[in-house]
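K.L.:
Below are the structure tokens for one structure; questions will follow.
The values are calculated or read from the model by the stated rules, or taken from the named source; none is laboratory data. If you're wondering where the values come from, they're calculated on a predicted model, not measured in any experiment. Every residue, glycine among them, receives a Cβ derived from its backbone with ideal geometry; neighbour counts consider all protein chains shown. Each accessible area value is taken on the protein alone, full model and side chains, heavy atoms only, with ligands, DNA and RNA left out. Shrake-Rupley method; radii C 1.70, N 1.55, O 1.52, S 1.80 Å.
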Amino acid sequence: VLQLLKPKKSQAVQRIVFHEVTPEAIQAALDSPREVDENLVRAQEARRVVDRLFGYSLSRYLWKRVAPRLSAGRVQSVAVRLLVERERERIAFVSASYWDLSAQLNAGVGGLKTKLQRIDGKRLVTGRSFDSATGKLQEEDRVHLDEERSQVLAEALKSSSPWKVSSLESKPGSQKPAAPFITSTLQQEANRKLRMTSRHTMRVAQRLYEGIDLEGERIGLITYMRTDSVTLAARALEQTREMISETYGEEYLPPEAVHYKTKAKRAQEAHEAIRPTDLTRRPQDLEKFLDRDELRLYELIWKRTVACQMVPARFERTSVEVSIQHDDQEFVFVASGRRIVFPGFLRAYVEGADDPEAELGDQETHLPALEKGQELTPTEVTAEGHATKAPYRYTEASLVKKLEEEGIGRPSTYASIIGTIQDRDYAFKRSNELVPTFTAFCVTHLLEKQFRDLVDTHFTARMEDELDDVADGKAAWDALVSDFFLGDEGAPGLQKRLEDSELFYPAIRVGDDEKTGEPIVVKIGPKGNPYLRRGEGEKSLTASVPEDIAPDELTLDKAVELLRSREGEAPQVGVNAEGRGIFLKTGRFGPYLEVEQTEDEKEAKEKPRRTSLPRGLKAEDVDETVAAKLILLPRIVGVDPADGEEVSTAIGRFGPYVKKGKEFRSLGSWEEACDIEMAKALEILAQPKTRGRQQKKILKELGELEGAAGAVNVLEGRYGPYVTDGETNASLPRGTDPEKVTPELALELLEKRRNAPKKPKRKRRR
């Protein structure tokens, strides 16, 4: 801005800096202006230039070696590599089994459930005792029970006595509240608790920051949402303490305000933590002004802000050991419990966890009252088998956490990075996991082979350090950029390395076909689709890789099955009306049925008749009857006598449907698509078209209302009740009884929804 305005030398131009959007901070900044820091300007320019040189150069390289439309980035490529490395761990993982015993003992109400921990002083094997890559036992000094021995022990110990409490210990414990939200932790918690993506979280937070119309006045509800600082403004601390005192009582208020320190590497701390602008605006007071996601995210921020200034929770942790002698050996069973003595901040907020099996902090495990030496009687002793589990894939939350821990990227970039990874087909979502694609594998394999240092976590972190040196005036920005791209005689830069890189097209090895001995690999086609290839040259055989298969699921057996399906060795599952064989094959979009062709059809290069298996129908469930029915689709039902148009049924992207001209109606099942008769088909086509895939249950009819596009009804939806006029859908505020929705409220909700910002369409994964 200063360069564009070109002020005269006589005009004094200064910059003001404030880290909080509060009257006090802004006034202090006005009172203490400073000159524009050219070092900071150059550091930002250097970062932008390096990122563009990295991204533009390597992206073009990927287009030539892998597939078009791919992209690389200084942070993005490292994030993709993290996903791939985790999937490699899953592929290399070898499951191991182990057994233990559990005993239910009569010890008052609910009894006491214990686990066998030691036999004659030696601990039992657990899941952590095995090498994840080999499945071999690493801790040889532990007792490894198998199924046979554990079953024998269970029967023997159940009839043995006495079972005695040999140890009983109680210890106090405490848990401190988490710091207020910064960008990364907000994205993590929204993903864990609300199942919101990082990109969607930032869009919703942006709306809360920009402002919501509250009874005619536009008010920003939260502070700036792109920040890496956990600092709260003085006025926010004061208001939070007042809120805690009024809402929860003085016993929940620490003697002084709690101040947090930023743990993230290279934090800039340009803004304060994310908090409500006014804590007196409680979530329940804003239900009628916010949509579902806005309210949920605001409630998360509100609770976290309040909780961070409350006293720690206090616990009492109890552990008990119960011993039993059998066959001259001592068996020790253990149980542990935790009782909340004082809830503290847990009254307001409980932090989520990345581990799906982790318990939340507010869960208690109560043990009955026991005494040392007390004798107990077993009511049940059970042998339990376990198998070690492959490492969990990254979720958006855990990936953001990992990037932050490694000092990679900035808080404001995490949402766009994760969004780009999915848009470029490097990963797809399954449940809440980020599953890397074979494209990600090939790209990572290529970059590791040719530019390993550039996709190393330490490179990106080291570059941030060098950029910080530029910001501090310790290094020249142009030298940093030149060394990176042009290099010198001793160390070639990116440009030279690209020119000298060997011609290499990445392929992911699956294994060797036992029948032919030829290697099987996965490659990426010119349109970006992964495919299997067995052998080389003209004798090679290829087959599409199903879209929804994860790399760790493409075993050698599965790859051979796909190739043999392509080779014509697919199993025959039935015959059609003409007596031709129906074969079950697997393609890019999953399993499908194909009718055997005649020699004339093959010579004419006609496409064989095919039909995909409908969603929910597994390949192993396809028998002769099912195959004979499905192969009829798409099926011509007949001709409408009223207008002479053809009526047909088929299975589409959203399931089975009936069609006439440009009119489509969903059908209840694929069987109906195979069996439906003309009269029923015309009856369904005559029904008015409904929005969505299924007819929604009507909870309340409000009829035709002025200003609405059509009849207004309250319907039952997947995420709760909502009101609709056929064109616009609006969720009901939380806690609203559908039966009590008035015409006035319905029109108000519909109008608000119509005027809400449009959400960008999600890009379909290829």
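K.L.:
Put +1 on the Cβ of each Lys and Arg and -1 on the Cβ of each Asp and Glu in the range 73-231; which of Ile222, Phe181, His144 then has its Cα farthest toward the positive end of the dipole?
P.N.:
Of the listed residues, the answer is Ile222.
K.L.:
Do you know the relative contact order of the chain, to the nearest whole percent, from alpha carbon pairs under 8 angstrom that are 6+ apart?
P.N.:
13 percent
K.L.:
What is the range 80-174's relative contact order, in percent, from Cα pairs under 8 angstrom and six or more apart in sequence?
P.N.:
Details: 83 pairs, mean separation 24.3, N = 95.
So the answer I get is 26 percent.
K.L.:
Can you list which of the GluC sites (Glu not before Pro) found in the range 432-473 are DSSP loop residues with at most 14 other C-beta atoms within 10 Å?
P.N.:
Within the range 432-473, no GluC sites (Glu not before Pro) qualify (loop, at most 14 other Cβ atoms within 10 Å).
K.L.:
A further question follows. When the Kirkwood radius is taken over all Cα pairs of the range 55-143, what Stokes-Einstein diffusion coefficient follows at 25 °C and 0.890 mPa s, in µm²/s?
P.N.:
The estimated diffusion coefficient comes to 138 µm²/s.
K.L.:
Next question, about the same structure. What's the center-to-center distance, using Cα atoms, between the range 367-395 and the range 573-606 in Å?
P.N.:
54 Å
K.L.:
Sorted by packing (mean other beta-carbon atoms within 10 Å per residue), highest first, where do 86-93, 215-222 land?
P.N.:
86-93, 215-222
K.L.:
Another question, if that's okay. Give the accessible surface of the range 285-428 per residue, rounded to a whole number of Å², with probe radius 1.4 Å and ligands, DNA and RNA excluded.
P.N.:
42 Å²
K.L.:
In Å and on Cα atoms, what radius of gyration and Dmax does the chain show?
P.N.:
Cα radius of gyration and Dmax of the chain are 32.3, 98 Å respectively.
K.L.:
Whole-Hz ³J(HN,Hα) for each residue in the range 720-729, computed from phi via Karplus 6.51 cos²θ - 1.76 cosθ + 1.60 with θ = phi - 60°, x for glycine and proline: what do you get?
P.N.:
Karplus-based 3J(HN,Hα) across the range 720-729 equals x, x, 8, 10, 9, 10, x, 10, 10, 10 Hz.
K.L.:
Can you give me the % of accessible surface on the chain that is carbon or sulfur? Probe 1.4 Å, all protein chains present, nothing else counted.
P.N.:
It is 47 percent, rounded to a whole number.
K.L.:
Measure out, as a whole number of angstrom, how far apart the alpha-carbon centroids of the range 30-100 and the range 488-509 sit.
P.N.:
First find each Cα centre; the distance between them is then 18 Å.
K.L.:
Starting with the highest mean, order 179-188, 333-342 by the number of other Cβ atoms within 10 Å, averaged over the residues of each peptide.
P.N.:
Details: 179-188: 26.2, 333-342: 16.8.
The packing order, highest mean first, is 179-188, 333-342.
K.L.:
Arranged from highest to lowest average of other beta-carbon atoms within 10 Å per residue, in what order do the peptides 227-233, 438-444 appear?
P.N.:
Top of the packing list down: 438-444, 227-233.
K.L.:
Something else now. Run the dipole for the chain about the Cα centre, Lys and Arg Cβ at +1, Asp and Glu Cβ at -1, nothing else charged, and hand back the magnitude in debye, nearest 20. Please list the in-between numbers first.
P.N.:
Working: 121 positive and 129 negative charges, 412 e Å.
Roughly 1980 debye, rounded to the nearest 20.
K.L.:
Now, a different point. Name the trypsin sites (Lys or Arg not before Pro) in the range 1-76 that are in a loop by DSSP and that have at most 15 other C-beta atoms within 10 Å, would you?
P.N.:
Within the range 1-76, the qualifying trypsin sites (Lys or Arg not before Pro) (loop, at most 15 other Cβ atoms within 10 Å) are Lys8, Lys9, Arg69.
K.L.:
Counting only pairs 8 or more places apart or on different chains, how many lysine pairs in the range 578-734 have C-alpha atoms closer than 14 Å?
P.N.:
6
K.L.:
May I ask you to give the solvent-accessible area per residue for the range 18-129, in square angstrom, as obtained with a 1.4 angstrom probe?
P.N.:
Per-residue value: 50 Å².
K.L.:
Only four residue types carry charge here, +1 at the Cβ of Lys and Arg and -1 at the Cβ of Asp and Glu. Report the dipole size of the range 478-593 about the Cα centre in Debye, rounded to the nearest 20.
P.N.:
In total the dipole reaches around 740 debye.
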